[in-house]
Structure formats: C-alpha cells, structure tokens
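This report refers to the structure that appears directly beneath it.
The values are calculated or read from the model by the stated rules, or taken from the named source; none is laboratory data. It should be emphasised that the depicted structure is a prediction, and the values quoted were computed from it without experimental measurement. With ideal geometry, Cβ positions are generated from the backbone for all residues, glycine too; neighbour counts draw on all protein chains shown. To get the accessible areas, we keep the full protein, side chains included, count just its heavy atoms, and leave off ligands, DNA and RNA. Shrake-Rupley method; radii C 1.70, N 1.55, O 1.52, S 1.80 Å.
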Amino acid sequence: MHVSHLTLHDFRSYPVAEVPLEPGVTAFVGRNGQGKTNLVEAVDYLSRLSSHRVASDAPLVRAGAERAVVRAAVVRDGRTAVLEVEINPGKSNRAKVNRSPLPRARELIGLVRTVVFAPDDLTLVKGDPSDRRRFLDDLLVLRAPRLAGVRSDYDRILRQRNSLLKTAGTARRGSSSGEGALATLSVWDSHLARTGGELLAERLRLVEALRPHIATAYAAVARGAGRDAADVEYRPSLELPERAHELDAHELGDRILVEVEARRRDELDRGISLVGPHRDDLLLTLGPGEEGGEEEGAQDLPPRLPVKGYASHGESWSFALALRLASYDLLRSEGDDPILVLDDVFAELDAERRDQLAALVAGAEQVLVTAAVPEDVPQALAGARFLVAGGEVTRDR
C-alpha cells in the first residue's frame with residue numbers, strides 16, 4: 001500500500017497543495033516553519049482522523065478558512081481508491097471514498113495505516129501514563145477500527161460518571177441533587193465496567209502481541225549495549241491474575257465493577273473515577289541481554305530496571321524507536337505495510353542511531369521523511385526529494 005497523490009485545501013498553511021508521491025522513500029526538505037511537517041501530518045490524519053501534533057482539529061484549518069480538505073489516492077495491490085476527509089472544527093467531519101460519502105467519518109479509519117516517528121516520541125518513555133495509554137489506543141484503532149467507537153464511548157461515560165461523582169459527593173451534606181446523582185451512579189458504574197472491560201481486554205492482548213516485537217526492535221536499535229533486553233508490562237488500576245490477557249471482556253468488566261464498588265467512598269471523596277483503563281499504565285523495562293550479562297559489573301545490575309528514571313538519554317530514545325518499530329512490525333504481520341512517517345526525527349538522534357533506524361526502515365513500501373537540511377536524511381534513505389519553502393512544494397529530484 002502507498003499514497004500516489006496528496007491534495008490539500010486550506011489544511012494548515014496550504015491554501016492548495018498537489019503532491020505526487022510514489023513507493024519507496026520521499027523526503028520533504030525545508031527550514032522549520034515552511035510547512036513540510038504539515039504534508040506528512042495530512043497523510044497521518046487520513047489514517048487515524050487525529051493529528052500526532054495537536055489534540056483538536058481547529059489548528060488544522062488554515063487561518064480564515066471554515067474547513068479543510070485532505071484527499072489522497074491510495075494504491076493497494078495495484079488498485080487505486082481516493083480517500084477524502086473534510087475537517088469541520090466544532091462540527092461533524094465528513095468523509096468520502098471514491099467520491100461516495102460515508103455514513104460516519106470514522107469509517108475512514110484504517111483504510112490507510114501509518115506509523116509516525118516524531119521528536120515527541122520521547123514522551124512515550126519519559127512522559128505521563130496518558131502518553132503511553134494514547135500510544136496503545138491509537139494502535140488498537142489501527143488494528144481494529146471498530147474500537148474507535150469503544151474508545152469514544154468510554155471517554156463519554158467517564159466524563160458523565162465523574163460529573164455524577166462530584167454531584168453525589170454533596171449528598172452527605174443533605175443536597176437533594178446529590179442524592180439523585182447517587183441513585184443514578186450504579187447505572188453508570190455498569191456502563192463504565194462494560195466498556196472498560198472491552199477496552200482493557202483489547203489492550204492486554206495488544207501488549208502481549210507487541211512484546212516480542214519490542215524485544216526484537218530494541219535489540220536491533222541498541223546493537224549489543226549492556227542493557228539490550230527490553231520488555232513491557234501492562235499495569236492496570238486493579239489487581240488481575242497472571243495471564244490476564246486470556247480473560248474476556250465480560251470477565252474483566254465484572255472485575256472492574258467489583259473494584260468500583262469497593263472504592264466507592266474514595267471516589268465520592270475525590271469526585272473522580274479511580275478504577276478503569278483511564279488509570280492504567282505501561283511499564284517499560286530494560287535488563288542485561290545475553291552479552292550484557294557477561295560484561296564487567298553487569299552482574300551487579302538488578303535483573304530489570306524501569307526505563308523511566310533509570311535509563312540514559314540514548315537508551316530512552318532507543319526504547320521510543322523500538323515502540324514505533326514494533327508497531328510497524330505488528331501491523332505489517334497482520335496485513336498491508338503501513339506508511340512510515342519519519343517527521344524530523346533524525347535531527348534528534350546521534351549518528352549511530354540515525355543509521356540504525358534508517359537501515360531498519362529502508363525496506364518499507366513507502367517512507368515519508370521530513371528534514372531541515374538534506375544532510376539530515378541518511379544515505380540509506382536516498383530517494384525522491386521535495387523542497388518546501390514559502391508555501392511551495394517543488395520536486396528536487
């Protein structure tokens with residue numbers, strides 16, 4: 001699968017842009033602020049209907065315009081389909097396939113799949129649990145687009161339940177509105193447990209599927225460093241048995257409901273939901289590999305260390321890259337090659353990691369690279385090049 005043509009109308013800085021693309025590597029080169037990242041962001045938006053740079057759609061529409069349009073011709077097994085999304089901040093977005101409207105824009109999700117490497121990826125390792133939860137959920141939706149609805153439902157239920165908890169907390173002070181909220185809360189407990197159980201089941205299975213890919217990817221990026229055995233572990237907000245990934249959504253929902261009822265007093269005191277997938281985390285760890293275990297001093301290291309707080313800057317970057325590479329490998333093993341987007345990431349890496357990453361992704365069906373200067377693009381990713389300056393996208397070679 002690859003994108004053969006990209007069209008933008010009022011997207012970010014572009015009133016209009018027409019960019020022909022091809023399989024293999026394409027690099028967009030230009031100084032910061034010229035719009036090169038906007039191009040790859042548009043391709044990624046078609047994949048997930050969200051941006052890897054901002055949380056809302058409003059910044060995606062050019063100043064002074066009411067809406068933006070992203071359209072791409074996507075080639076799969078020699079057949080071309082035209083995907084289009086109209087971005088309407090504050091309103092419902094609209095989507096089309098081959099000019100035929102889709103009932104809901106989110107039905108576009110997954111028709112083209114992307115994996116994005118970006119400078120902000122370091123937050124996957126060093127940032128808050130919310131960054132790691134978003135990483136898992138974005139990948140879940142690419143694997144099974146129907147989960148976009150589950151994710152949306154869970155967020156809506158959580159907001160409603162938190163509002164009820166705040167109101168119900170006043171019931172102890174004799175408020176009639178608080179007593180009514182308390183009576184309604186059990187209904188939303190059930191909703192939270194049902195949708196939370198489904199989301200938790202999918203995350204647990206995803207982490208189990210990712211683990212071998214992460215271990216392989218990190219070993220490839222670290223290249224025999226002392227701590228080159230990478231692993232991940234899902235950390236839920238409630239106690240679960242070993243091999244929890246084998247439990248179904250109904251069983252997990254029942255366990256969430258029991259824990260919610262047990263923590264009712266704490267939730268009312270704090271006015272927030274304390275149990276559910278929104279409180280979970282992904283623990284990233286490193287340990288000495290087979291070679292590292294034989295190095296002098298390696299025997300003094302604990303068998304595994306959490307990456308956050310213990311890993312060096314280089315190890316943190318290697319783990320962040322491994323998470324993206326593992327995502328790519330998992331998606332590739334289950335279907336078409338995703339489109340790889342390397343958004344200004346090489347400027348963040350030392351020469352060794354830059355060359356290692358380039359070698360690992362060079363064989364992908366389509367790789368889109370952004371860089372400030374041509375020298376930031378490794379030789380292993382030599383290919384088509386566009387110069388981006390002053391709102392113009394010009395083919396250089």
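Taking every pair of alpha-carbon atoms in region 1-58, give the share separated by more than 14 Å as a whole percent. I get 59 percent for the Cα pairs in region 1-58 exceeding 14 Å.
Placing pseudo-labels 7 Å out from each Cα toward the beta carbon at residue 359 and residue 190 gives an inter-label distance of 5.9 nm.
When the scattering of region 92-134 is computed by the Debye formula from its Cα atoms alone, each counted once and equally, what is log10 I(q)/I(0) at q = 0.34 Å⁻¹? So the normalised log intensities work out to -1.15. Heavy-atom surface analysis with a 1.4 Å probe gives region 1-64 a carbon and sulfur content of 52 percent of its accessible area.
The alpha-carbon atoms of region 180-220 define a convex hull whose volume equals 56 cubic angstrom per residue. Net length available on complete extension from residue 384 to residue 350 is 9.9 nm, with 0.36 nm assigned per residue and the Cα-Cα distance removed.
Farthest toward the positive end of the dipole of the chain, out of 158, 100, 74, is the Cα of 100, where the dipole comes from beta carbon charges about the Cα centre. Note on region 109-268: with neighbouring protein chains present and a 1.4 Å probe, carbon and sulfur make up 48 percent of its accessible heavy-atom surface.
Annotation: extensible slack from residue 183 through residue 396 equals 70.0 nm (criterion: 0.36 nm per residue apart, minus Cα-Cα distance).
Note on region 1-70: with charges restricted to the Cβ of Lys and Arg (+1) and Asp and Glu (-1), its dipole about the Cα centre is near 220 debye. Label-to-label distance for residue 5 and residue 269 is 6.4 nm, based on points extended 7 Å past Cα in the beta-carbon direction. Put the Cα centre of region 187-203 next to the Cα centre of region 318-397 and the gap is 37 Å. Could you tell me whether region 311-397 comes out rounded, prolate or oblate from its Cα gyration tensor? Rule is a ≥ b ≥ c as square roots of the eigenvalues, rounded for a/c under 1.5, then prolate if a/b exceeds b/c, otherwise oblate. Cα axes put region 311-397 in the oblate bin.
Can you give the Kirkwood hydrodynamic radius of region 1-155 from its Cα pairs, in Å with one decimal? About 16.3 Å, per the Kirkwood formula over Cα pairs. Per-residue extension of 0.36 nm, minus the Cα-Cα distance of residue 65 and residue 209, leaves a gain of 47.5 nm for this segment. In this structure region 1-73 gives 37 Å² per residue of accessible area when probed at 1.4 Å with all protein chains present.
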